[in-house]
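Just below is one structure, and these are the notes that go with it.
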Amino acid sequence: MTDYNNSIGVKRIEKNFEDSTDQFYSRDTVLQEKPKRKIRFDHLTWIPSLLYSRLYRVLPRIFKDIFFWLTIIHKSPASNFFANTRYDELRTLIDIKVSSLFLRAVPSNFLKDVTDTFKKGFYSTNLGSLSEIDLLIEDVVKYSSPSHAGARPYFKDGKNKKIDNSFSAYYTFSREDVKKINLIFSKILGEEFNYHLSALAGYECSLHDITYSLSIVFGENSNSEMHQDTYASVAKGFIYLQDIGKTNSPFEYLEGSYKDASFRSIKTNNAVIRGDFHSSGSTRLRGEDLLEALENYRLQSFQGSKGLFILANTAGYHRKGKHESSKPRILLACGVKRRGVISKLIFNFLSIFKTRFT
Ligand SMILES: [Fe+2]
């Protein structure tokens, strides 16, 4: 029997994982210790968004393309008609332009670095030892039900071939614990951080808008394929809770690929015309397409020590690097609300107004 007395946080999860992965999927174990969820008044605000996504699902493809053109829910063209036009390229260009408006609200002392982040599509810093969040990490595994969060044990090529030894579990932190994590990080991160985050998200947001989940991943999964999450800028983050080298799934990103509307839209249109609906609009690059992308953009492989915090605009191409370790990769996955082009436009005009006139 493993002795857990001297291990905390990530070390305890690594040891539990070594014993058996069953406990990470056991809903019974999880639910026994999970506090009962109360219905809160703000849950009512979910109703419009539920209706909105339900409407989107039932609409014929051509109407999705017409009515949801600039929305964030509409990741790629749905109809062959629009996939044969520059529909996707145009909206991608509009998103890049609208997202770049935020740069006008950045103070001059940060502008050069933040513009660089916007162009590259990523930003990284180090949060140090992170020992303060060890207990929160142990708790979330007890109170939260695991989800796959889009990481599936097969590639999204339609073949549905199960990948051996693939494991993915994401545990979402409670609102209270998210506040605690953000408070801890706010003591480490400077004012500049919020500008980098906003430049990647395409609108003004701050550390306190970030939500987190604990990600435990072993082997390969559908995120091992190079892909874009959607056509428009979205900010996601990865905080390493272990030292990560090239064998334990470093986050990998194609620098500057977000800004290439032409390349991204051509690959997306080709996927739609080929009938690739398995990737749910998050276009995968394979074979010749992947080689072409690797020639066009520099591959950034983020390897580093525990505490490395990478923020990325995941409309640019990215993937989970190869996993060839005996231990699972454990990190905090995080992100801010995704916004469509119209919403970003309003936010960015307000930010510019606030900067100029207040
Ligand atoms: Fe992704």
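Bear in mind these aren't lab numbers, they're just calculated from the coordinates by the rules spelled out. What you see is a predicted model; the values in this text were computed from it and never measured. When we count neighbours, we look across all protein chains shown, and the Cβ atoms used for this are built from the backbone with ideal geometry, even at glycine.
General observations
- Annotation: for a label point projected 7 angstrom from Cα along Cα→Cβ of F277, residues of the stretch 48-63 with backbone N closer than 13 Å are 57-63.
- Applying the Karplus relation 6.51 cos²θ - 1.76 cosθ + 1.60 with θ = phi - 60° to the stretch 90-105 yields 3J(HN,Hα) values of 4, 5, 5, 4, 4, 4, 4, 5, 5, 5, 5, 4, 4, 4, 6, 9 Hz, where x marks Gly and Pro.
- From phi via Karplus (6.51, -1.76, 1.60), per-residue ³J(HN,Hα) for the stretch 252-269 in Hz, x at Gly/Pro: 10, 9, 8, 4, x, 5, 4, 7, 8, 4, 5, 4, 5, 6, 4, 5, 5, 4
- Derived scalar couplings ³J(HN,Hα) [the stretch 71-86; Karplus, 6.51 cos²θ - 1.76 cosθ + 1.60; whole Hz; x for Gly, Pro]: 8, 7, 5, 8, 5, 8, x, 9, 9, 4, 4, 6, 5, 8, 10, 9
- Gyration tensor (Cα) of the stretch 221-358, equivalent ellipsoid semi-axes in angstrom: 27, 23, 13
- Using a Förster distance of 30 Å, the FRET efficiency for S174-S325 (Cβ separation, nearest 0.05): 0.50
- Ranked C205, C334, criterion: other C-beta atoms within 10 Å, fewest first: C205, C334
- Which listed pairs, of K119/K327; K75/K179; K119/K344; K75/K156; K142/K180; K97/K320, have C-alpha distances above 26 Å, in listed order: K119/K327; K75/K179; K97/K320
- Annotation: amide H-H contacts under 5 Å for T211 (H modelled 1.01 Å from N, sequence separation of 5 or more, or interchain): G335.
- R0 of 41 Å, Cβ-Cβ distance D116-D22: FRET efficiency to nearest 0.05: 0.35
- Whether the stretch 91-173 is rounded, prolate or oblate, judged on the alpha carbon gyration tensor where a/c under 1.5 counts as rounded: oblate
- Stokes-Einstein D (µm²/s) once Rh is taken as the Kirkwood radius of the stretch 115-229 over alpha-carbon pairs, at 4 °C in 1.567 mPa s: 79
- Residues T268, T355 in ascending order of nearby Cβ atoms (within 10 Å, fewest first): T355, T268.
- The overall shape of the stretch 69-357 is oblate: from the C-alpha gyration tensor, with semi-axes ordered a ≥ b ≥ c, the ratio a/c is 1.5 or greater and a/b is no larger than b/c.
- Neighbour net charge for T92 - beta-carbon separation under 11 angstrom, K R +1, D E -1: +1
- Reported to the nearest whole Å, the Cα centre-to-centre distance from the stretch 295-323 to the stretch 43-71 is 31.
- Likely footprinting exposure, H43, H278, H74, fewest C-beta neighbours within 10 Å first: H43, H278, H74
- Close amide H pairs (under 5 Å, H built 1.01 Å from N) link K246 with no residue at least 5 positions away or on another chain.
- Dipole magnitude for the chain: about 1120 debye, using +1 per Lys or Arg Cβ and -1 per Asp or Glu Cβ, origin at the Cα centre.
- Amide H to amide H, with H built 1.01 Å from N, G321 comes under 5 Å of F251, E252, counting only residues 5 or more places away or on other chains.
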